[in-house]
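Heads up, the thing below is written out as structure tokens.
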Amino acid sequence: MKKLVVSTGAGISAESGISTFRDAGGLWENYPVMDVASHDGYVRNPALVHRFYNERRKALMNVEPNAAHLLLHDLESEGWEVYVITQNVDNLHERAGSTHVTHLHGELMKVRATDNEHLVWELRPEALETTPETLIEGHHVRPHIVFFQEAVPMFEPATEIAGEADVFVIIGTSLVVYPAAALLQYVRRGVPVYYIDPNPAAVPAGVTVIRATATEGMRELYKILTGKDTPR
Ligand code: OAD
């Protein structure tokens, strides 16, 4: 089976109603990123960081996967082995049914022990709020998010997946945050690369840019990859 590797950013969830970070009105315009999403910020004021992610979780409960997430799952029934590598901390790829999802920047619906990074729990929908005082099985917890200034443990496995791609697709990312933005460098020479974004960043020659929103662009890509009309 041919392997389709898809690297997604905040733009794929924009049409579901989740704000991106760096567009006009984006999250980093309204929140100081180094306060709510950096290691130093967390050490300085953990309560603020918990509150920020509590709000993000609540917002996530009110949105649904969109046609772009769903079409990626549809491609699994069309003879493609689809591997999603996402910078997003939402769970919309999973909720759309995608089988293989790697989260580079962590997962909003999970927390981990502050004294043991390997102890990770999924939060129950009825208990989404955490504070620095929250105890789970006797451990204080923190958001299971990769803060700025922290290592990105899933990057290495992601580079291996990227290196196996027969087709590589980038959707809805400004390509400014490393190491995620460097994934393209691990794609083998000669592999077709598509980049779907209404306001694409500069990319190397040879990348086919589909200047469109995620849902429009995925409909176009679905036709290219399957030769069929899009089901959505
Ligand atoms: P950005 O907010 O930096 O970029 C969003 C991208 O989505 C831009 O290129 C937009 O043009 C594009 N976009 C906007 N609307 C779109 C739509 N409807 N369809 C498709 N694309 C659309 O978000 P990321 O690149 O994902 O990390 O940001 C990377 C990381 O920076 C995030 O994972 C987050 C943030 O700080 C952490 O918090 C650790």
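The values are calculated or read from the model by the stated rules, or taken from the named source; none is laboratory data. Just so it is clear, the structure is predicted and the values come from calculations on it, not from any experiment. Ideal geometry is used to build each Cβ from the backbone, glycine not excepted, and the neighbour counts take in all protein chains shown. When the accessible area is computed, the model is the full protein with side chains, heavy atoms only, and any ligands, DNA or RNA have been set aside. Shrake-Rupley method; radii C 1.70, N 1.55, O 1.52, S 1.80 Å.
Under 28 Å from LYS223 (Cα atoms), away from the ligand (no atom under 16 Å from the Cβ) and of a type outside the set (Val, Ile, Thr): which single residue out of GLU76, GLU129, GLU133, GLU137 fits that description?
On the way: GLU129 fails: under 28 Å from LYS223 (Cα atoms); GLU133 fails: under 28 Å from LYS223 (Cα atoms); GLU137 fails: under 28 Å from LYS223 (Cα atoms).
Going through GLU76, GLU129, GLU133, GLU137 in turn, just one is under 28 Å from LYS223 (Cα atoms), away from the ligand (no atom under 16 Å from the Cβ) and of a type outside the set (Val, Ile, Thr): GLU76.
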Report the residue count in the stretch 149-208 for those that are β-branched (Val, Ile, Thr) and either in a loop (DSSP other than H, G, I, E, B) or at positive phi (or both).
-> 7
Taking GLU78 as meeting all but one of (1) under 16 Å from the mean Cα position of the chain (by Cα); (2) in the same structural domain as PRO200 (by TED's automatic domain parsing), write down the number of the exception.
-> (1)
Regarding TYR222, is this residue open to solvent by less than 70 Å² (accessible area, probe 1.4 Å) and touching a helix residue (DSSP H, G or I) at 6+ places or on another chain (Cβ under 6 Å)?
-> yes
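Please count how many residues of the stretch 199-232 are of a type in the set (Asp, Glu) and more than 22 Å from the chain's Cα centre (by Cα).
Looking only at the stretch 199-232, we keep the residues that are of a type in the set (Asp, Glu), and these are 216, 220, 229.
Of the ones still in play, those that are also more than 22 Å from the chain's Cα centre (by Cα) are 229.
The total comes to 1.
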Checklist (1) open to solvent by 40 Å² or more (accessible area, probe 1.4 Å); (2) within 15 Å of the ligand (Cβ to nearest atom) applied to TYR186, failing item | (2)
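Do we have SER16 as open to solvent by less than 50 Å² (accessible area, probe 1.4 Å), within 14 Å of the ligand (Cβ to nearest atom), among the polar types (S, T, N, Q) and touching a Pro at 6+ places or on another chain (Cβ under 7 Å) here? Walk me through how you get there before you give the answer.
Values: open to solvent by less than 50 Å² (accessible area, probe 1.4 Å): yes; within 14 Å of the ligand (Cβ to nearest atom): yes; among the polar types (S, T, N, Q): yes; touching a Pro at 6+ places or on another chain (Cβ under 7 Å): yes.
Yes; evaluated as a whole, the condition is true for this residue.
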Which one of the conditions (1) acidic (Asp, Glu); (2) open to solvent by 40 Å² or more (accessible area, probe 1.4 Å); (3) touching a strand residue (DSSP E or B) at 6+ places or on another chain (Cβ under 7 Å) does ASP90 fail to meet, given that it meets all the rest?
-> (2)
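Conditions tested, residue by residue: (1) assigned to a loop (DSSP other than H, G, I, E, B); (2) within 29 Å of PRO132 (Cα to Cα); (3) open to solvent by 10 Å² or more (accessible area, probe 1.4 Å).
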{"site": "GLY41", "(1), (2), (3)": "no, yes, no"}
{"site": "TYR53", "(1), (2), (3)": "no, yes, yes"}
{"site": "ARG57", "(1), (2), (3)": "no, yes, no"}
{"site": "ALA68", "(1), (2), (3)": "no, no, no"}
{"site": "LEU71", "(1), (2), (3)": "no, no, no"}
{"site": "GLU76", "(1), (2), (3)": "no, no, yes"}
{"site": "SER98", "(1), (2), (3)": "yes, no, yes"}
{"site": "MET109", "(1), (2), (3)": "no, yes, yes"}
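Pick from VAL141, VAL209, VAL169: which is over 24 Å from GLU76 (Cα atoms) and touching a residue at least 12 places away in the same chain (Cβ under 8 Å)? Please lay out each step first, then the result.
On the way: VAL209 fails: over 24 Å from GLU76 (Cα atoms); VAL169 fails: over 24 Å from GLU76 (Cα atoms).
Being over 24 Å from GLU76 (Cα atoms) and touching a residue at least 12 places away in the same chain (Cβ under 8 Å) holds for just one of VAL141, VAL209, VAL169, which is VAL141.
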Which residues, taken from the stretch 19-37, are more than 9 Å from the ligand (Cβ to nearest atom), within 24 Å of VAL111 (Cβ to Cβ) and either open to solvent by less than 40 Å² (accessible area, probe 1.4 Å) or without any contact (Cβ under 8 Å) to a residue 40 or more places away in the chain (or both)?
-> ASN30, TYR31, PRO32, ASP35
